[in-house]
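Each reported figure results from applying straightforward, stated rules to the coordinates on display, with no laboratory input. Just so we're clear, the structure is a prediction, and the values are computed from it rather than from any experiment. A quick note on method: Cβ atoms are made from the backbone with ideal geometry, for glycine too, and the neighbour counts reach across all protein chains shown.
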Amino acid sequence: MGEHGDSQFTAWSTVSLGGKPFARFLADNQDRFASVSTTEIEEKTRTRGNEIVAAKGGTNFGIASTVAGIVQTILWDERRIVPVSTLLDGEYGEHDVFLGVPTELRANGANEIVELDLSEDERAKLHHSADSCVNTARGCCDSRRHHAETTPTAGRRPRRHVAARREVFEDRFITQRSIDTINRAHDAGMQFAIATARPVSTGLQFAEKLPVDAVIYLNGALIDFDPAHSDFDLLTSGATPADENHLIKIGFSSRRACEVCLFLLDRMPGLKLGIVMNDVRYTNFDVRVYWKTQAFQYTNFHDVPEGVADKITIFPEPEQWNELRALIPPDFDISISEGVMWMLMNPQANKEHALHLLCERLDVPLEQTAAFGDDLIDINMMSESGRGVAVANANPKVLSIADEICPSNNEDGVAQWIEAQLAEPVETREHAKIELVLNRGYALNRCSKDKLNSRLEA
């Protein structure tokens, strides 16, 4: 249900098998289905489209088959109930938004919406999905308006495309339980920081909802030590605040970034790549292939403004990997996102280095910290911290190095862990002074050039 995208979800409370609620069916058949995870099923379904696109370049055949079935149902007046994107007018408490919900299809089209009795959590997910659709639509409208205003004469492509600056690439949300728990813990004396690989445009929304003492963006390329006095414009301006201790930026000169990009293009013409700086992507291709709402500028890498770049992004084809790896300059570390996007970053732009800076700035011993994580990019930070806590649905390698495992993020696992610490008597409580709250970002695997080479060879 919901959008056809990252915020779609399964209403498991409405699913039955053999007349039994699905949860009850699994519980009664543990001997046969102990390995079945509804969370894993839902996540695989949500991301399957990306896997298909990565494998064969598109999902047109599946879409065509689905459309053919819908057309047949309408033409033959089959009166089938199918999940289709339908305008909601009060159903589920939503208005003026199209969402995928069970709908009876007849000769007149969407004849009637079948409103399910959703659980409280499922209803919250539906509302979140609706908000995501509305925000994305607004971003597209803003982008179209800007495009119309900046379209040059015929035969030339637009110089700049700008989508809504605060739209999200991958939708994740923080539950009210987590917000309330972190607020209680902060009131009890715990300090919190967010550590994420996300840029400001998609990470700031989390900082605005939590009582955070610091925020680590871009995997450590930007660290904000005064989030209460920060906003989007300040964090992406490239300017140094009056308080020089407010922000730390760990990148490299845009001039050096352009040199690298031009070098790579000379050796590999047609390579898709770009420079990320101040939340703008200076690229030689249309980034909307990968992100629908990200700000970008076309460039030939001779006109990128002076400043401190956060990273170089590269989108090589699989057959280009071996050639590309041999060309990466030694003054960069490599991160690979979702097996698609290569990121060249300052070797000190990582979460574990940010953790050390955080402890130094807040005068907290490293052994009195706890770090929460779920993906490979979190391993080094979790290992460095006093207590590395993995959510139950984390990458298996993360689970293997964790000091503790809390319930999954879909079950408010971090909130449950913190609640347990708060429940301990004050005189025996061994809670960390800093909790690093890691929202689920992109699956990043940071490694050195040598490590990357060995992994590729393996």
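Pairs exceeding 32 Å between alpha-carbon atoms, taken from LYS56/LYS351; LYS20/LYS44; LYS125/LYS249; LYS44/LYS311; LYS44/LYS351; LYS56/LYS249: LYS56/LYS351; LYS125/LYS249; LYS56/LYS249. With each label modelled as a point 7 angstrom along the Cα→C-beta vector, the ASP303-TRP12 pair spans 5.1 nm. Treating each Cα of the range 1-43 as one equal point scatterer and applying the Debye formula with no solvent, the log10 of I(q)/I(0) at q = 0.15 Å⁻¹ comes out as -0.43. Remark: TRP321, TRP342 ranked as TRP321, TRP342, counting other beta-carbon atoms within 10 Å and listing the fewest first.
Given C-alpha coordinates of the range 298-383, what is the ratio Rg to Rh with the Kirkwood estimate of Rh? Each step should come with its number before you reach the end.
On the way: Rg = 16.5 Å, Rh = 15.6 Å.
In the range 298-383, Rg relative to Rh is 1.06.
The length gained on full extension between ARG32 and ASP403, counted as 0.36 nm times the residue separation minus their Cα-Cα distance, comes to 130.5 nm. Full extension of the chain segment joining ILE81 with ASP331 gains 84.2 nm, where the gain is 0.36 nm per residue of separation less the Cα-Cα distance.
With r as the distance between the Cβ atoms of SER253 and PHE232 and R0 = 22 Å, compute the FRET efficiency 1/(1 + (r/R0)^6) and round to 0.05.
Numbers: r = 24 Å, r/R0 = 1.07.
The computed FRET efficiency comes out at 0.40.
Per-residue extension of 0.36 nm, minus the Cα-Cα distance of ASN108 and LYS44, leaves a gain of 19.6 nm for this segment. Highest mean packing comes first when the peptides 346-358, 252-264 are listed by Cβ atoms within 10 Å, giving 346-358, 252-264.
At a 10 Å Cβ-Cβ cut-off, how would you order LEU362, LEU99, fewest neighbours first? Show your work: numbers first, answer last.
Numbers: LEU362 15, LEU99 24.
Least crowded to most crowded, the residues run LEU362, LEU99.
Relative contact order of the range 12-126, taken over Cα pairs closer than 8 Å and 6 or more residues apart, is 18 percent.
Judged by the gyration tensor of its Cα atoms, with axes a ≥ b ≥ c, the range 232-375 is prolate; a/c meets the 1.5 cut and a/b is the larger of a/b and b/c. Sorted ascending by nearby beta carbons within 10 Å, beginning with the fewest, HIS127, HIS95, HIS302 become HIS302, HIS95, HIS127.
With r as the distance between the Cβ atoms of THR59 and MET268 and R0 = 41 Å, compute the FRET efficiency 1/(1 + (r/R0)^6) and round to 0.05. Intermediate results must be reported in sequence, preceding the final value.
Numbers: r = 28 Å, r/R0 = 0.68.
Once rounded, the FRET efficiency stands at 0.90.
Give the Debye-formula value of log10 I(q)/I(0) at each listed q (0.12, 0.16, 0.19 Å⁻¹), with one equal scatterer per alpha carbon of the range 12-126, two decimals each. Computed log10 I(q)/I(0) values: -0.63, -1.06, -1.23.
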